[in-house]
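Take a look at the structure set out below.
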Amino acid sequence: MDQYVIRGGIPLHGEVEIGGAKNAALAILAAAVMADETITIENLPNVRDINVMLQAIENIGAKVDRVDLHTVKINGRPIHGCTVDNEYIRRIRASYYLLGALIGKYKCAEVALPGGCAIGSRPIDLHLKGFRALGADVRVLRGMVVAKADTLVGRHIYLDKVSVGATINIMMAASMAEGKTTIENAAKEPHVVDVANFLNCMGANIRGAGTDVIRIRGVQHFHAAVYSIIPDQIEAGTFLFAAAATGGDVTVRNVIPKHLEATIAKLLDAGCRVDEFDDAVRVSARGPLHSAHVTTLPYPGFPTDMQPQMTVVLGLADGTSTVTESIFENRFKYVDELAKMGATIKVEGNIAIIYGIDRYQGARVCAPDLRAGAALVIAGLAAEGITIVDDIYYIERGYEAFDEKFRSLGGEIERVSSAKEIQKFKLKIVS
Ligand code: UD1
């Protein structure tokens, strides 16, 4: 099993280039199969979940041509089946986007129930309710979602809960339904807008993405398109919080600062200096970190995917902070791991009460999921001594060249796969 080994305590300095947004890319790859002409997608992050999705669409017959690490050409014309099931696709959450894409285009889809990070019960009832409202017969049979329709007909759909996945999925299916669909109480996340822009680029007629009412007029065909995915606000935020935790000075490049507003607001609350540029954000954290109070909320609120990274920063702040998780019910599992590094955090229901300490101590910890894994790496970079992070498989689902990017900022971190390599790392840093 691969691990990261880290010698912490070095403030991170420099500039880092942010890749394309994983969560936007996963939906866009699924949506690309709806066209019978070639779709070129640029700024694709080269991470594991993306490769699993590409493999899945290739398995149903789509032509997938990986031009380079960050560009792919997809043509859905040769698709010969609507059944998607393999051990890898079952582990990713975004497999559900193939439901919306296939039911929209082919009026049939059979996709394994989604997996993803274990951060709560994560139902997909709203997705299924949306497909049913459009006229599909949807059942769950032997671990598969099976959806069929003679025709899909546009409807007025109200989402009981703000859901990124359900908004995107219904938007995809409705973009090829007959007539008009309105999605009310829609999610407003930047990647909802990105997917809508992409669908429009292929010929869809979607208005209002980015507000809580999305109006879609169905079309019959999608055509060729070239599209570049938006920058990953979560990757960017992760590096900004790493700068804060290590007392460093880091600029993230190729970002849309507006998407980072909630993150920037909390960095300012924590006492960091933040400078915004056209497509870059710089954070410097020279003085002590201050306590703060954070609640995760749908966009434009503070993103739940930044919650563990924020907690790691607040663990080093003066005084007592609170982090309230309002999206997922079980997103504090990493706190026990952080406690091994000296953090003093009490979890009561969906609130973490954080009593700041001066410094984390290096320890052997285990990444429980993608974002929590990234947060433990940040803690390791800030800690005194050596930290080993196990189960980095989770981290590699969503971060490209994570160790390499930290090394470019001066962090001492290596990806290793044996005790011998850990020993070698230790010898290198003492010499
Ligand atoms: C997506 C992201 C994930 C991010 C989350 C919130 C992907 C692949 N994953 O997950 O990284 O943390 O948005 O920004 O893009 N809910 C229901 N029924 C449903 C759907 C959702 O009750 O049918 C609930 C969920 O349990 C959760 C809330 O709605 O409490 C929001 O979930 P949602 O926005 O759908 O998150 P995901 O699409 O799973």
Could you tell me whether residue 381 is among the hydrophobic types (A, V, I, L, M, F, W, C), under 22 Å from the mean Cα position of the chain (by Cα) and more than 20 Å from residue 1 (Cα to Cα)? yes
Quick count over the range 258-271, residues being out of contact with any Pro (no Cβ under 8 Å at 6 or more places or on another chain) and open to solvent by 10 Å² or more (accessible area, probe 1.4 Å), is 5
Looking for whichever is out of contact with any Gly (no Cβ under 9 Å at 6 or more places or on another chain), at pLDDT 95 or above and of a type in the set (A, V, I, L, M, F, W, C) here; the options are 134, 141, 159, 128. Which one fits? 128
Pick from 58, 37: which is modelled with pLDDT under 95 and touching a strand residue (DSSP E or B) at 6+ places or on another chain (Cβ under 9 Å)? 58
Under 7 Å between Cβ atoms, which residue pairs at least 6 apart in sequence (or on different chains) link something in the range 333-346 that is without any contact (Cβ under 8 Å) to a residue 12 or more places away in the chain with a partner that is of a type outside the set (Asp, Glu) and not in a loop (DSSP other than H, G, I, E, B)? 339/345; 346/353
Residues that are open to solvent by less than 10 Å² (accessible area, probe 1.4 Å): find the helices (runs of 4 or more DSSP H) completely inside the range 348-410 holding 3 or more of those. 370-382
For the range 43-51, does any single residue satisfy the condition of being closer than 20 Å to residue 176 by Cα, touching a residue at least 24 places away in the same chain (Cβ under 8 Å) and of a type in the set (A, V, I, L, M)? no
Specify the residue that is farthest from the chain's Cα centre (by Cα); the eligible residues are those in the range 311-321 that are closer than 17 Å to residue 383 by Cβ and crowded, with 24+ Cβ neighbours inside 10 Å. 316
For the range 64-87, state whether one or more residues are within 16 Å of the ligand (Cβ to nearest atom) and more than 16 Å from the chain's Cα centre (by Cα). yes
Members of the range 6-63 that are more than 16 Å from the ligand (Cβ to nearest atom), in a strand (DSSP E or B) and within 19 Å of the chain's Cα centre (by Cα): 16, 17, 41, 42
Can residue 67 be described as surrounded by fewer than 19 Cβ atoms within 10 Å (Cβ to Cβ), at negative phi and in contact (Cβ under 8 Å) with a residue 24 or more places away in the chain? yes
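The values are calculated or read from the model by the stated rules, or taken from the named source; none is laboratory data. Please read these numbers as outputs of a predicted model, since none were measured by experiment. Using ideal geometry, Cβ is built from the backbone for each residue, glycine included, and neighbour counts are taken over all protein chains shown. Side chains are part of the model used for accessible areas, which takes the heavy atoms of the whole protein and leaves out ligands, DNA and RNA. Shrake-Rupley method; radii C 1.70, N 1.55, O 1.52, S 1.80 Å.
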